[in-house]
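Trainee: Questions regarding the structure given below will be posed in turn.
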Amino acid sequence: MFGGRFHCHLPGLYYLNLNLHTWNFKETYVHLMHNDRELVILYAQPSDRSIMQSQSIMAQLRDGDQVWVRLYKRERQNAVYSDSNDIYITFNGYLIKPGPD
């Protein structure tokens with residue numbers, strides 16, 4: 001069952017990538033999380049047009065670690081674009097080098 005989080009079962013060095021489509025006139029502020037800690041922030045200022053944003057990082061993961069995406073809520077309106085016809089948000093990771101627990 002998919003619950004929206006990547007659960008690491010093979011420890012090692014991973015390449016993680018997040019792509020998303022921003023929403024017109026909205027701020028976009030997203031954290032790529034490792035367990036309960038922010039790894040990186042993907043940020044876009046409000047604009048009169050939507051754009052594709054991307055953020056990548058290399059991370060050492062251990063057995064049982066979780067990686068997930070969190071939409072950070074602030075005092076401004078914060079949004080990403082999606083619809084039922086196309087995929088505008090992708091999150092993926094690749095094992096680069098297996099490592100010790």
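The values are calculated or read from the model by the stated rules, or taken from the named source; none is laboratory data. Here the structure is a predicted model, which means the values were calculated and not measured. A quick note on method: Cβ atoms are made from the backbone with ideal geometry, for glycine too, and the neighbour counts reach across all protein chains shown.
Trainee: Mind checking whether some residue in region 37-55 is charged (D, E, K, R) and over 25 Å from Asp86 (Cβ atoms)? So that I can check it myself, show each step before the final result.
Mentor: Pass one, region 37-55, residues charged (D, E, K, R): 37-38, 48-49.
This time we only want the ones that are over 25 Å from Asp86 (Cβ atoms), so: 37-38.
Yes: region 37-55 contains one or more residues that are charged (D, E, K, R) and over 25 Å from Asp86 (Cβ atoms).
Trainee: Out of region 21-40, which residues are under 14 Å from Trp68 (Cβ atoms) and not acidic (Asp, Glu)? Spell out the reasoning first.
Mentor: Going residue by residue through region 21-40, those that are under 14 Å from Trp68 (Cβ atoms) are 30-40.
Within region 21-40, Val30, His31, Leu32, Met33, His34, Asn35, Arg37, Leu39, Val40 qualify.
Trainee: Restricting region 1-29 to residues that are hydrophobic (A, V, I, L, M, F, W, C) and free of Cβ contacts under 8 Å to residues at least 12 places away in the same chain, which is surrounded by the fewest Cβ atoms within 10 Å (Cβ to Cβ)?
Mentor: Of everything passing the filter in region 1-29, Met1 is surrounded by the fewest Cβ atoms within 10 Å (Cβ to Cβ).
Trainee: Within region 39-66, take every residue that is among the hydrophobic types (A, V, I, L, M, F, W, C) and touching a Ser or Thr at 6+ places or on another chain (Cβ under 9 Å) and give me the one that is nearest to His9 (Cα to Cα). Full working, then the answer.
Mentor: Residues of region 39-66 among the hydrophobic types (A, V, I, L, M, F, W, C): 39-42, 44, 51-52, 57-59, 61.
Imposing the further condition that a residue be touching a Ser or Thr at 6+ places or on another chain (Cβ under 9 Å) reduces the set to 40, 42, 44, 51-52.
Numbers: Val40: 22, Leu42: 26, Ala44: 33, Ile51: 34, Met52: 31 Å.
Of everything passing the filter in region 39-66, Val40 is nearest to His9 (Cα to Cα).
Trainee: If you take just the strands (runs of 3 or more DSSP E) that sit entirely in region 30-101, which of them hold at least 3 residues that are free of Cβ contacts under 8 Å to residues at least 24 places away in the same chain and surrounded by 14 or more Cβ atoms within 10 Å (Cβ to Cβ)?
Mentor: Values: elements: 37-44, 52-61, 66-71, 90-98.
Because the criterion is at least 3 residues that are free of Cβ contacts under 8 Å to residues at least 24 places away in the same chain and surrounded by 14 or more Cβ atoms within 10 Å (Cβ to Cβ), the strands (runs of 3 or more DSSP E) in region 30-101 that meet it are 37-44.
Trainee: Could you go through region 62-76 and let me know if any residue there is of a type outside the set (D, E, K, R) and modelled with pLDDT under 85. Walk me through it before giving the result.
Mentor: First, pick out the residues of region 62-76 that are of a type outside the set (D, E, K, R): 64, 66-69, 71-72.
Add one more test, that the residue is modelled with pLDDT under 85, and what stays is 71-72.
Yes: one or more hits.
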